[in-house]
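Following: one structure in structure tokens, then a few remarks.
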Amino acid sequence: MQHPTAHPSSIIVGIIPGQPDRVIEKACEMAASMAPVKLHLVYVDPTLVKEGGHIEPLDPDSMGVTECDNSKQLSEHALKIARGAGADADYHLLVGDPVKELAEFAREHDAVMIVVGTRERGALAALQEWVNGSVSVRLAHTQHIVVLTVPLADEYDD
């Protein structure tokens, strides 16, 4: 009797430009402890939408080479970290609401975990979280799989 080929589990890693490397590094640690695991490094750009199969900016006047360069640089940097740690990893650019897209991607890939970072510090980041809600909190309240939130700072400052 032949045994079906075991397909690796998946870990979804929500990444954003400028995010500290520790989010990917922690996901790599988790993947190493659960081998074989495929890491899907996913950047969800909320400033873009999918129209007729093409990715377009919400504001047509705002799209420039910068967004394309940011995604390419993010992809190269994230894959370098993950593969340098020995992880089987790939990169995906999605558009829309990060919570919805990460959750749907996790379901499609039979993920066992979603890894995200905490928000950046500062007034602007706090305002954005207040307006949009915390991605990690929204995921934790809606998912039936583990949501690991990695702190971005070493210490908590009052």
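The values are calculated or read from the model by the stated rules, or taken from the named source; none is laboratory data. None of these values were measured; they are calculated from a predicted model. As a convention, Cβ positions derive from the backbone with ideal geometry for all residues, glycine included, and neighbour counts pool all protein chains shown. The accessibility values were calculated without ligands, DNA or RNA, using every heavy atom of the protein model including side chains. Shrake-Rupley method; radii C 1.70, N 1.55, O 1.52, S 1.80 Å.
Ordered by residue, what ³J(HN,Hα) values in Hz, to whole numbers, does segment 44-54 give under the Karplus form 6.51 cos²θ - 1.76 cosθ + 1.60, where θ = phi - 60° and Gly and Pro are x?
Per residue, the Karplus-derived 3J(HN,Hα) values read 9, 8, x, 8, 10, 9, 9, 10, x, x, 10 Hz.
Considering amide H positions built from the backbone, and no H for Pro or chain starts, which residues 5 or more places from Leu152, or on another chain, come under 5 Å of its amide H?
Residues meeting the amide H criterion: Thr118.
Please compute the net charge surrounding Lys100, taking Lys and Arg as +1 and Asp and Glu as -1 over other residues with Cβ under 15 Å from its Cβ. Intermediate results must be reported in sequence, preceding the final value.
On the way: positive: Lys50, Arg107, Arg138; negative: Asp45, Asp97, Glu101, Glu104, Glu108.
Net of charged neighbours comes to -2.
Tell me which residues come under 5 Å, amide H to amide H, from Ala89 once H is placed; ignore anything under 5 positions away on its chain.
Under 5 Å from the amide H of Ala89: Leu39.
Among the lysines, select those whose C-alpha is under 28 Å from the C-alpha of Lys50, and discard any that sit fewer than 8 residues away in the same chain.
Candidates past the 8-residue exclusion: Lys38, Lys72, Lys80, Lys100.
How much of His54 can a 1.4 Å solvent probe reach, expressed as accessible area in Å² and rounded to 10?
120 Å²
Name the residues whose placed amide hydrogens come within less than 5 Å of the amide hydrogen of Leu94, ignoring near sequence neighbours (fewer than 5 apart) on the same chain.
Distant-sequence amide H within range of Leu94: Tyr43, Val44, Asp45.
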